[in-house]
Amino acid sequence: HVLLTAAAWTYWNSEFTVITAALLWVYLRRHESFARFRNTVLLANVLGLIGYIAMPTAPPWMFPSFGFVDGVNHTHDLVSALGNPYAAMPSLHAADALIVGVICFRACRHWWSKALWALWPAWVWFCVLATANHFLLDVLAGIVVALISMAVVSWGAKRRGSVAAHRKPAIVDA
């Protein structure tokens, strides 16, 4: 019961609370990493939205006849009103957890915080599976979305850096 409660808490808080706190921390403490972090999360979420539109997919908790038990209460009026129950593929919980884990691992200086952020993605992946919010394929697709987003944003940053290095300074007459 304690493990399922921790998993449900992680499911609810990993997507908005942890991402917001991590973005704020990186913005205030490791500002040089903020733009890449923000852009990676935004790109991953846009890719996820395309996936939700192109292939609406129901989560496991919608199939109790197959033995799946809803580990999170999805019947709350606010959740029902704002949530898309067919937004399981790809798992943005999985994608965003990997992005947050990688960025925060790189940004942290202490071994214990690096260890925490290194384990964060695996814990979130476990939680979304344990609460029957995603199938394994959803999680794997989320990981692919995160890797693509990190690669594209990194490529874009390198490209902007090389273009800026080749520009000639403008001459301004005063």
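The values are calculated or read from the model by the stated rules, or taken from the named source; none is laboratory data. A quick note: this is a predicted structure, and the numbers were derived from the prediction, not measured. With ideal geometry, Cβ positions are generated from the backbone for all residues, glycine too; neighbour counts draw on all protein chains shown. Calculation scope for accessible area: heavy atoms of the full protein, side chains included, ligands and nucleic acids excluded. Shrake-Rupley method; radii C 1.70, N 1.55, O 1.52, S 1.80 Å.
Points worth noting:
- Scanning region 81-106 for residues being over 21 Å from PHE126 (Cα atoms) and modelled with pLDDT under 85 gives a total of 4.
- Here ALA118, ALA141, ALA165 are screened, and the one residue that is at pLDDT below 90 and assigned to a helix (DSSP H, G or I) is ALA165.
- With respect to (1) open to solvent by less than 90 Å² (accessible area, probe 1.4 Å); (2) at pLDDT 90 or above, the lone exception for ARG109 is condition (1).
- Scanning region 1-25 for residues that are closer than 12 Å to ALA130 by Cα, among the hydroxyl-bearing types (Ser, Thr, Tyr) and exposed (fewer than 14 other Cβ atoms within 10 Å of the Cβ) turns up just one, THR5.
- Sole residue being open to solvent by 90 Å² or more (accessible area, probe 1.4 Å), at pLDDT below 75, out of contact with any helix residue (DSSP H, G or I) (no Cβ under 8 Å at 6 or more places or on another chain) and in a helix (DSSP H, G or I), chosen from LEU78, LEU49, LEU42, LEU28: LEU78
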